[in-house]
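Have a look at the structure below before the remarks.
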Amino acid sequence: VAGVAVVAVTLVSVAVVHASSVTSPRTSHLVIALLALLLADSALVDIRTGAEAESVTFAEAMLAVALLLLPWSYVLPLAGLAVIVAHVLRGRSWLKTVFNASSFVIGSALAALVMQTSGPTTVSTISPSDVASIAAALVVFWAWNGAATATVVALAAGRRIRDVYAAGVVFRTSVGAANIAAGVAIVVMARWAPPALAVLPPILALLYAVYRGYLGASRDVNYWRQLETATKDLNQLDEEAVAQAALRHAKALFQAAWVELVLTDAGRSVTHRLGEQPSAGEPMMAETCAMAHLTSPDGVLGALRVGLGDTGKLSKREIQVLTTYAGTVSTTLVNARLHSAVQRQAARAAHEAAHDALTGLSSRGLLLTKTAAALDDAQLSGTTVALLLLDLDHFKEINDTLGHAAGDELLRNLANRLRNAVPAGATIARLGGDEFGVLLPGLSGGIAASIAAENLLSALTDPVTFEGMRLSIEGSMGVACYPEDGGSVEELLQRADIAMYQAKDERGHWRRYDPNRDASNLDRLALVAELHAAIERDELVTYFQPQIDLLTDTVVGYEALVRWQHPTRGLLAPSEFVAVAEQSGLVRQFAMRVLDRAVAECAQWHRTGSPLSVAVNLSARNLLDRQLPDDVHRVLARHGLPAENLVLEITETTMMSELDVVEDVLASLRRLGVELSVDDFGTGYSSLALLQRISVNEVKIDRSFVSGMLGSAGDFAIVRATIELAHGLGLRVVAEGVESGPLRDRLADLGCDLAQGFHLGMPAPAATVRTALATGDPVGNRSRGVPQPRRARLAVLPQVAE
Ligand code: C2E
Ligand code: MG
Ligand code: MG
């Protein structure tokens, strides 16, 4: 439409020029008018408001000059030409150029029409009423221009014309008024005081310079003030908040249509945007934008883009401001990132401190803190809090045999099971290697704790398949409840621990704390600490109990039985401290000490003419120690005792474990030439087939069967069958706990090889045994005749497959 209009108007005006008889104007007038019209469309100062700009121009004043110098038929095409030239020089879009040219031409035509009402005039014939009509013409031009621009902007932006018009009305009115006044002044001067026109350009130029200077200065002040508030506002610790503040202030600072902040961090970039970027389909909104990089000493942080709509480029000064602003934004961003990095690290450190790295369960510290809080709550609400301590049985063996990676895997697996087995609100912690703690707050009573303990244990015992093997893990659990069992975190913890040891001792799966059994357990805790010193101070003493050959009725050897000569508690039996030694990491030193004493004593018997054997008990854990065979060899060598005089007693459960390490250790021991005996036979779950595979030399029938065999047909059957089967496998049979003569005789009838028991000889200190041997009374309490060497084996032993 605008294009058609500009063309039509130009054609019409050219036609009019030809048709009219107006004399062609002077060339100087043409040139001045063209310059004036060029000036008319040149923006002197651009005031940006968002995507639009208002320009201060001399349009109305210069139009007055042109209309004064030329007939209107010349002014119209010249005006179109001038606007096009001015726009092309400023690099405006062609659409905008065409529109503005058309608008200017149409406005000028309207103004010319108004002037024509008072008849054609030349400067020299202007009357005061003509001045009024010129002023009216300029007003019409001004009104047209404002309305046309507002309409097009409103249509392009989809806003209401009235709103767009109202937005710039004050500015346009003041600039227009000044222009119209200037135009009228030029006309008046040209008519009545032409020489005065000469001073007009310098005065205008001066005014213009002052105005620009003032405007620039006030804009600078405004910039610095805004920068200052922006800097304050930017000073935040959160990156997102910094970004939002940066956008807000950039938009205000540069009167931008939109601003965009692209932030890159570790290769990823995030774009924040404020204000709407025009889409490509809106031709009136040709894009101009300015950009500044955000940098830190470490590299590029991102970029800040400021969209100026079609309102032109940023001035040099504005670019400086943008750079300064980008610098400030960069600094605050770096600070915010550092701060969040520090915070993240602190949070990670706190989480790591509060959680176990392997299983992700809580740490001991966190469990205790939560327990304390739970106790406070329970005090107010009157509820029960339960603390459960769980210790895995034989976990160490798994670790030793399958390796730590497998152990770790298993722990993770178990941790997950535990997590799934506890009620909501519970806290599970890993307290140490294979020890776990569970806090159950807000329970209705102790029964709920029992149910939870059962659930946890059954979750635990489901076999785990690991690299094709099915492993079954069992655990012992101690339970202590607030308020019944303890009032503080420490008390609960200690009592749950005691209960757990009770559970372990009794092979029960879990135990609630029982104050009646507390005393002995507290003793046990103290013993752990003391045992270490006991080994060093040599408080362990070895007693010896004779083993009698039932055929010849002679002593063939002694079993070494350890005792602890405790400084305050007196002589302690193995039942009171052997388990402690096994659990305290002293198991090797402990066994070596007993072995050394026993072998030394046996060597001494040999030197004094009694070639007896000695039997030494080993703990299950000793057989997991690959160094054991070497240690045994060294002890034998040190005391010069032939290996076949040493019998090592192991328990069924150890053999049962079927672990490679146990088989290796047993094979090495056999290669040394020492004999192996299965102690307490019948109490475990082993089969005779296993005995054959493991290739032991001797079976010791447990006391519980032997002592009852005269009264119970069942026990008798077991003893008889065991003797027969063991002999069938070529093994020697020892009966334990022979407390009476009839028992001894019955065993001899059944073909039992050896017997041991209070009736045949009490365990006695080494010195007592030496004296007895020296005096020919090897049993210590009754005469049995001269000691005989241990009888030769009954049959060939099965070979170990190696
Ligand atoms: P054990 O190897 O079965 O030892 C036999 C236990 O039965 C000894 O108890 C012995 O005093 C007792 N005893 C012997 N004859 C009779 C009898 O006729 N009637 C009754 N009622 N008991 C009899 P002790 O010395 O208290 O040892 C208990 C257990 O402690 C031993 O059972 C053994 O398993 C363990 N033990 C002893 N010394 C050591 C050691 O040096 N290392 C390890 N790891 N364990 C040991
Ligand atoms: Mg024994
Ligand atoms: Mg035994």
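The values are calculated or read from the model by the stated rules, or taken from the named source; none is laboratory data. Since the structure is predicted, the reported quantities are computational estimates derived from the model, not experimental observations. In this analysis, Cβ positions are derived from the backbone assuming ideal geometry, glycine residues included, and neighbour counts consider all displayed protein chains. The area values use the complete protein model at the heavy-atom level, side chains included, leaving out ligands, DNA and RNA. Shrake-Rupley method; radii C 1.70, N 1.55, O 1.52, S 1.80 Å.
Table for the structure above
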item: Packing rank of 175-185, 472-482, 101-111, 736-746, where each peptide gets the mean count of other beta carbons within 10 Å, highest leading; result: 101-111, 472-482, 175-185, 736-746
item: Neighbourhood charge, 14 Å Cβ-Cβ cut-off, centred on GLY737 and excluding it, Lys, Arg +1 and Asp, Glu -1; result: -3
item: List HIS532, HIS272, ordered by accessible area with a 1.4 Å probe, largest first; result: HIS532, HIS272
item: Calculated [θ] (222 nm, deg cm²/dmol) that DSSP helices of n ≥ 4 give over the chain, each run adding -39,500 (n - 2.57); result: -18500 deg cm²/dmol
item: Rounded to whole Hz, the Karplus (6.51, -1.76, 1.60) HN-Hα couplings of segment 746-760, x for glycine and proline; result: 4, 5, 4, 4, 6, x, 4, 6, 10, 9, 8, x, 4, 5, 9
item: Semi-axis lengths (Å, descending) of the ellipsoid that matches the C-alpha gyration tensor of segment 346-427; result: 29, 17, 10
item: Enclosed volume per residue, in Å³, of the convex hull spanned by Cα atoms of segment 63-170; result: 109
item: The chain: relative contact order in percent, alpha carbon pairs under 8 Å with at least 6 residues between; result: 7
item: Distance cut-off 12 Å, percentage of C-alpha pairs in segment 203-257 lying past it; result: 69
item: Spin-label pair ALA178/THR271, simplified geometry with 7 Å Cα→Cβ offset, distance in nm; result: 4.0
item: Relative contact order [Cα under 8 Å, 6+ residues apart], segment 144-289, whole percent; result: 13
item: FRET E, pair PHE171, ALA357, Förster distance 60 Å, beta-carbon r, rounded to 0.05; result: 0.30
item: Two-site FRET efficiency, LEU725 against LEU380, from Cβ-Cβ distance with R₀ of 56 Å, rounded to 0.05; result: 0.30
item: Nearest-0.05 FRET efficiency for ALA373 and HIS404, computed from C-beta distance (R0 22 Å); result: 0.05
item: Given charges at Cβ of Lys, Arg, Asp, Glu: the chain dipole, positive-most of GLY640, LEU89, THR359; result: LEU89
item: Table column - 3J(HN,Hα) (Hz), segment 247-252, Karplus curve with 6.51, -1.76, 1.60, x for Gly and Pro; result: 5, 4, 6, 5, 5, 5
item: Exposure ranking of ARG160, ARG588 by accessible area [1.4 Å probe, largest first]; result: ARG160, ARG588
item: Amide H contacts under 5 Å for ASP680, placed H, 5+ residues apart; result: LYS700
item: Residue-level accessible surface for TYR223, protein heavy atoms, 1.4 Å, Å²; result: 10
item: For segment 520-603, convex hull volume per residue from C-alpha positions, Å³; result: 107
item: Three-way shape call for the chain based on the alpha-carbon gyration tensor, with the a/c threshold at 1.5; result: prolate
item: Heavy-atom accessible area order for THR554, THR27, THR231, largest first, 1.4 Å probe; result: THR27, THR231, THR554
item: Within segment 403-437, backbone nitrogen closer than 17 Å to the virtual label 7 Å beyond the Cα of LEU471 toward Cβ; result: 403-418, 432-436
item: Probe 1.4 Å, protein heavy atoms only - accessible area per residue of segment 108-184 in square angstrom; result: 49
item: Amide hydrogen neighbours beyond the local backbone of LEU612, cut-off 5 Å, H modeled; result: HIS606
item: Surface share of carbon and sulfur [accessible, 1.4 angstrom probe, percent] for the chain; result: 59
item: Linear extension gain, ARG160 paired with HIS566, 0.36 nm per residue minus alpha-carbon span; result: 135.9 nm
item: Neighbourhood charge, 11 Å Cβ-Cβ cut-off, centred on VAL769 and excluding it, Lys, Arg +1 and Asp, Glu -1; result: -1
